[in-house]
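The values are calculated or read from the model by the stated rules, or taken from the named source; none is laboratory data. Bear in mind that the values here come from a model prediction, so they are computed numbers and not experimental data. Neighbour counts are summed over all protein chains in view; Cβ atoms, including those assigned to glycine, are modelled from backbone coordinates with ideal geometry.
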Amino acid sequence: MQPLDEAVTTARLLSVAVDACKSAGGLLLDYARSGFQIEHKNAIDLVTDADHAAEQCILDYIRAHFPTHSTLAEERGHDAPPASRYQWIIDPLDGTTNFAHRFPVYAVSIGVEWNGQGVVGVVYDPTRDELFTAEAGHGAHLNGQPIRVSSTTQLDGALMVTGFAYDIRETVNNNLNHFARFALKSQGVRRTGSAALDLCYVAAGRFDGFWEVKLSPWDMAAGVVILRAAGGRVTDLRGHEHSTFQPELVASNARIHDEMLSVIRESLSS
Ligand code: IPD
Ligand code: CA
Ligand code: CA
């Protein structure tokens with residue numbers, strides 16, 4: 001248990017994040033059962049009233065417990081009470097396209113940073129009732145059981161996962177170049193549609209590696225804390241230090257990381 005300032009422990013942050021994720025996950029299931037409204041942010045980027053309701057539920061809960069902490073939520077943006085060292089980074093529904101099509105792969109994601117460092121991550125998949133949690137430096141868990149990254153040592157035998165941003169039709173920096181190379185060099189590449197779950201699945205050893213070129217802070221904040229706590233490695237596409245506020249991400253079981261970076265290097269230089 002890491003003591004932070006204002007007499008807040010990471011265990012307390014974790015407990016509030018878990019409760020907020022579970023409440024929001026319950027709401028998402030209610031909307032999935034009873035129906036929801038879809039709006040278009042652009043041609044293929046959707047948002048539903050379930051995204052907004054889940055986000056409001058999370059923000060209300062955090063505000064009730066930590067009124068001085070700042071929040072960054074996907075739909076609402078930044079809400080910054082003065083000089084808080086805590087930032088809660090929230091994706092109320094990661095996998096909106098899946099949700100809108102009734103493909104049951106989506107999650108609620110809440111990461112907490114203290115002084116810019118990820119200290120707590122919680123990702124909840126309500127359709128499988130799978131709760132991924134971590135306090136930095138204290139291991140990662142799935143429904144209370146410890147999880148660890150895989151021991152796969154070569155890309156040739158690795159199951160990979162990736163995703164594509166909503167501007168895929170409008171730019172050449174759309175990840176199709178890296179996708180083509182990994183499809184030929186790994187055992188297989190999947191695309192689940194939820195980056196938060198992709199990171200947790202690497203943490204749990206279900207996937208060996210994950211990369212994307214254009215993620216947002218709320219897609220990664222929680223999953224990166226969970227993956228690191230499970231023994232994984234996270235960098236940008238060139239192997240430099242990862243930041244939640246930069247869009248590139250290479251995440252792995254650590255053992256195949258250098259091989260992943262060299263595949264990406266080849267496609268960047270061709
Ligand atoms: C998206 C998902 C997807 C990833 C996209 C994200 P959203 O988030 O995480 O897997 O490939 O880049 O934008 O819109 O479903 O919250
Ligand atoms: Ca997302
Ligand atoms: Ca979202």
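Just so you know, in the stretch 179-197 the residues that are of a type outside the set (Lys, Arg) and either without any contact (Cβ under 8 Å) to a residue 40 or more places away in the chain or more than 30 Å from residue 134 (Cα to Cα) (or both) include one that is farthest from ligand 2 (Cβ to nearest atom), and it is 184.
Here is a yes/no grid of residues against (1) more than 14 Å from ligand 3 (Cβ to nearest atom); (2) buried (at least 24 other Cβ atoms within 10 Å of the Cβ); (3) assigned to a helix (DSSP H, G or I):
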residue	(1), (2), (3)
193	no, no, no
196	no, yes, yes
200	yes, yes, yes
207	yes, yes, no
220	no, yes, yes
224	yes, yes, yes
243	yes, no, no
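Residue-by-condition table, conditions (1) in a loop (DSSP other than H, G, I, E, B); (2) at pLDDT 95 or above; (3) touching a strand residue (DSSP E or B) at 6+ places or on another chain (Cβ under 6 Å); (4) over 28 Å from residue 139 (Cβ atoms):
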{"position": "7", "(1), (2), (3), (4)": "yes, no, no, no"}
{"position": "19", "(1), (2), (3), (4)": "no, yes, no, no"}
{"position": "25", "(1), (2), (3), (4)": "no, yes, yes, no"}
{"position": "31", "(1), (2), (3), (4)": "no, yes, no, yes"}
{"position": "54", "(1), (2), (3), (4)": "no, yes, yes, no"}
{"position": "84", "(1), (2), (3), (4)": "yes, no, yes, no"}
{"position": "88", "(1), (2), (3), (4)": "no, yes, yes, no"}
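So which residues in the stretch 114-168 are among the basic types (Lys, Arg) and under 13 Å from residue 200 (Cα atoms)? The one that is among the basic types (Lys, Arg) and under 13 Å from residue 200 (Cα atoms): 148.
Can you name the residue in the stretch 57-82 that is within 14 Å of ligand 1 (Cβ to nearest atom) and not in a strand (DSSP E or B) and, of all such residues, is surrounded by the most Cβ atoms within 10 Å (Cβ to Cβ)? Only one residue fits best here, namely 58. Report whether or not residue 135 is closer than 12 Å to residue 222 by Cα, acidic (Asp, Glu) and away from ligand 3 (no atom under 16 Å from the Cβ). For residue 135, the condition - closer than 12 Å to residue 222 by Cα, acidic (Asp, Glu) and away from ligand 3 (no atom under 16 Å from the Cβ) - is met. A residue that is β-branched (Val, Ile, Thr), out of contact with any helix residue (DSSP H, G or I) (no Cβ under 7 Å at 6 or more places or on another chain) and within 16 Å of ligand 1 (Cβ to nearest atom) can be found somewhere in the stretch 96-104.
Does the stretch 35-51 contain any residue that is closer than 30 Å to residue 12 by Cβ and modelled with pLDDT of 95 or more? Yes: the stretch 35-51 contains one or more residues that are closer than 30 Å to residue 12 by Cβ and modelled with pLDDT of 95 or more. Condition check for residue 162 on (1) farther than 14 Å from residue 250 by Cα; (2) at pLDDT 95 or above; (3) of a type in the set (Ser, Thr, Tyr): one failure, at (1). Residues in the stretch 86-101: is at least one in contact with a His (Cβ under 7 Å, 6 or more places away or on another chain), within 16 Å of ligand 2 (Cβ to nearest atom), outside the structural domain of residue 229 (by TED's automatic domain parsing) and not β-branched (Val, Ile, Thr)? Yes, the conditions are met somewhere in the stretch 86-101. Taking residue 131 as the residue in question, decide whether it is within 16 Å of ligand 1 (Cβ to nearest atom) and part of a strand (DSSP E or B). Judged against the criteria, residue 131 is not a match.
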